[in-house]
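These notes are about the structure you will find just below.
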Amino acid sequence: QAAAVKEIEIAISDTGMGIPKDRMDRIFLPFFTTKEKGTGLGLAIVHKIVLSHNGRIEVDSQAELGTTFRLYFPLAA
């Protein structure tokens, strides 16, 4: 008998430049940006929203190939 699904996954991918490994640990910090006109709040806000719903985010990024963000949320009982 298959185990019941206990969470839902939402994956968002791009085929951009990727996130350098030396910046990966800072991407969810407020005001961290590599863009000239960015505020650095986008990923920080997303991260806070996901955590407030007891979820988690996983990131896979490869230089020149792009990035995938996977958001996981628990399903209601």
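The values are calculated or read from the model by the stated rules, or taken from the named source; none is laboratory data. If you're wondering where the values come from, they're calculated on a predicted model, not measured in any experiment. Neighbour counts are summed over all protein chains in view; Cβ atoms, including those assigned to glycine, are modelled from backbone coordinates with ideal geometry. Each accessible area value is taken on the protein alone, full model and side chains, heavy atoms only, with ligands, DNA and RNA left out. Shrake-Rupley method; radii C 1.70, N 1.55, O 1.52, S 1.80 Å.
Being more than 13 Å from the chain's Cα centre (by Cα), open to solvent by less than 90 Å² (accessible area, probe 1.4 Å) and modelled with pLDDT under 95 is not true of Ala77.
Scanning the stretch 26-69 for residues that are among the hydroxyl-bearing types (Ser, Thr, Tyr) and loosely packed, with under 13 Cβ neighbours inside 10 Å yields Thr34, Thr39, Ser52. Based on this model, can you work out whether Gly40 counts as on the phi > 0 side of the Ramachandran plot and out of contact with any Lys or Arg (no Cβ under 9 Å at 6 or more places or on another chain)? When the stated conditions are applied, Gly40 passes them. Note on the stretch 22-65: residues that are of a type in the set (Ser, Thr, Tyr), in contact with a strand residue (DSSP E or B) (Cβ under 8 Å, 6 or more places away or on another chain) and assigned to a loop (DSSP other than H, G, I, E, B) total 0. Are there any pairs with C-beta distances below 8 angstrom linking a residue in the stretch 8-27 that is closer than 10 Å to Thr67 by Cα to a residue that is in a loop (DSSP other than H, G, I, E, B) and of a type in the set (Asp, Glu), with the two at least 6 apart or on different chains, and if so which? Once the first residue is closer than 10 Å to Thr67 by Cα and sits in the stretch 8-27, its partners that are in a loop (DSSP other than H, G, I, E, B) and of a type in the set (Asp, Glu) give Met17/Glu64; Gly18/Glu64.
One residue alone among Ile19, Ile12 is part of a loop (DSSP other than H, G, I, E, B) and either exposed (fewer than 14 other Cβ atoms within 10 Å of the Cβ) or under 13 Å from the mean Cα position of the chain (by Cα) (or both), and that residue is Ile19.
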